[in-house]
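Beneath this line is the structure, given in structure tokens, with notes to follow.
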Amino acid sequence: MADDQQNQLENGESPVDILVFGAHPDDVEWGAGGTILKFRASGTSFGIVDLTRGEMGSRGTTEERDKEAKDASAWMGARFRENLGLPDCGVFDSVENRKEVASIIRRWRPKLVLAPFWTDRHPDHAAAGNLIRNAAIYCTLKKSSDPNPPHKPSVYLYYLLHHFTHPSMVVDISDVYQSKLELLRIHASQFAKTAAGFGVLAHGMNDYLFGLESRDRFFGSLIGAHHGEAFVSEVPLKLGNIIDLLSLR
């Protein structure tokens with residue numbers, strides 16, 4: 001066993017299979033919640049990293065959002081959920097932030113990294129995607145001052161939020177979709193109150209979830225499924241053998 005893996009085990013930090021990044025405390029549930037629930041069902045280990053606490057959001061207090069993120073994490077079965085504490089509406093793809101993201105990836109050593117797609121109408125979502133993309137090189141630098149050894153995840157996938165583009169792949173989440181809606185309802189500050197409670201446009205929980213379900217139904221329709229979640233890969237995905245395609249349905 002490598003020394004770094006031995007040290008992680010001694011510190012109670014064994015590597016995870018998948019590391020999921022979000023700009024705000026509900027992004028991973030919104031964009032990849034069904035896929036995450038399938039991780040849980042398969043026994044795949046995963047952790048979540050939120051870049052901000054969502055403190056600038058019109059709905060919910062920072063304390064409410066912290067508790068919702070914690071409760072959702074436990075409900076999903078995440079190994080851990082960390083928050084980098086970057087400023088909400090102030091996420092930037094800087095060298096300093098790239099190093100911080102890379103340090104987390106080097107510490108948890110995932111095989112797969114999920115993050116928001118780098119084109120989105122919300123600047124934090126776009127910045128988060130670009131930040132994770134550009135942090136990749138810092139994950140592998142041998143001369144880095146980071147205390148964690150270099151690590152190169154096998155795959156980076158980017159989930160879609162507001163932006164629509166042709167996906168590289170769509171995960172069928174039809175069998176866990178009702179559970180995904182339950183997961184989203186844990187973020188009650190974001191989805192539960194009615195428009196009257198905010199004095200804003202009429203979008204209550206059912207309206208928000210209807211919009212999200214419409215998107216997931218569209219992506220599902222691309223693969224002949226009821227619901228799907230779309231992901232983009234910046235590079236071609238590797239197959240060990242073209243025969244592997246026979247397992248796709």
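Points to keep in mind about this one:
- Put simply, the amide H of residue 168, placed in the peptide plane, has neighbours under 5 Å in 231, 232, 233, leaving out anything fewer than 5 places away on its chain.
- The gain in end-to-end length when the residue 61 to residue 239 segment is fully stretched comes to 59.6 nm, 0.36 nm per residue minus the alpha carbon separation.
- Computed from backbone phi with θ = phi - 60° and the Karplus coefficients 6.51, -1.76 and 1.60, the 3J(HN,Hα) list for region 71-88 is 5, 5, 4, 5, 5, 6, x, 5, 5, 7, 9, 10, 10, 6, x, 5, x, 5 Hz; x is used for glycine and proline.
- Candidates 90, 33, 47, ranked by Gaussian network fluctuation over the chain, Cα under 10 Å, top entry: 90
- Per-residue Karplus couplings for region 131-147, computed as 6.51 cos²θ - 1.76 cosθ + 1.60 with θ equal to phi - 60°, are listed in order as 5, 5, 4, 7, 6, 4, 5, 6, 5, 10, 5, 6, 8, 5, 7, 4, x Hz, Gly and Pro entered as x.
- Exposure proxy ranking for 89, 139, based on other Cβ atoms within 10 angstrom of each Cβ and starting from the fewest, stands as 89, 139.
- Among 174, 56, 189 - extreme Cα towards positive end, dipole of region 16-237, charges at beta-carbon: 174
- 3J(HN,Hα) couplings calculated from phi for region 50-55 with the Karplus curve 6.51 cos²θ - 1.76 cosθ + 1.60 (θ = phi - 60°) are, in sequence order, 8, 7, 10, 9, x, 6 Hz; Gly and Pro show x.
- Sites residue 94 and residue 74, calculated FRET efficiency, Cβ-Cβ separation with R0 35 Å, nearest 0.05: 0.65
- For residue 94, residues with placed amide H under 5 Å, excluding near neighbours: none
- Relative contact order of the chain, pairs being alpha-carbon contacts under 8 Å that are 6 or more residues apart, as %: 21 percent
- Interchain or long-range residues, amide H under 5 Å from residue 23's placed H: 51
- Placing +1 on each Lys and Arg Cβ and -1 on each Asp and Glu Cβ, with no other charges, gives the chain a dipole about its Cα centre of roughly 480 debye.
- Environment charge at residue 89 (Cβ cut-off 10 Å; Lys +1, Arg +1, Asp -1, Glu -1): -3
- Separation between Cα centres of region 33-100 and region 111-158, rounded to whole Å: 15 Å
- Three-way shape call for the chain based on the alpha-carbon gyration tensor, with the a/c threshold at 1.5: oblate
- Cross-link partners of residue 111 among aspartates and glutamates, defined as those whose alpha carbon lies under 12 angstrom from its own and excluding same-chain residues fewer than eight positions apart: 17.
- For the residue pairs 99/238; 70/238; 67/99, the alpha carbons lie more than 31 Å apart in 70/238.
Each value in this text was obtained by applying a stated rule to the coordinates, not by laboratory testing. It should be emphasised that the depicted structure is a prediction, and the values quoted were computed from it without experimental measurement. Glycine gets a Cβ as well: all are built from the backbone with ideal geometry, and neighbour counts include every protein chain shown.
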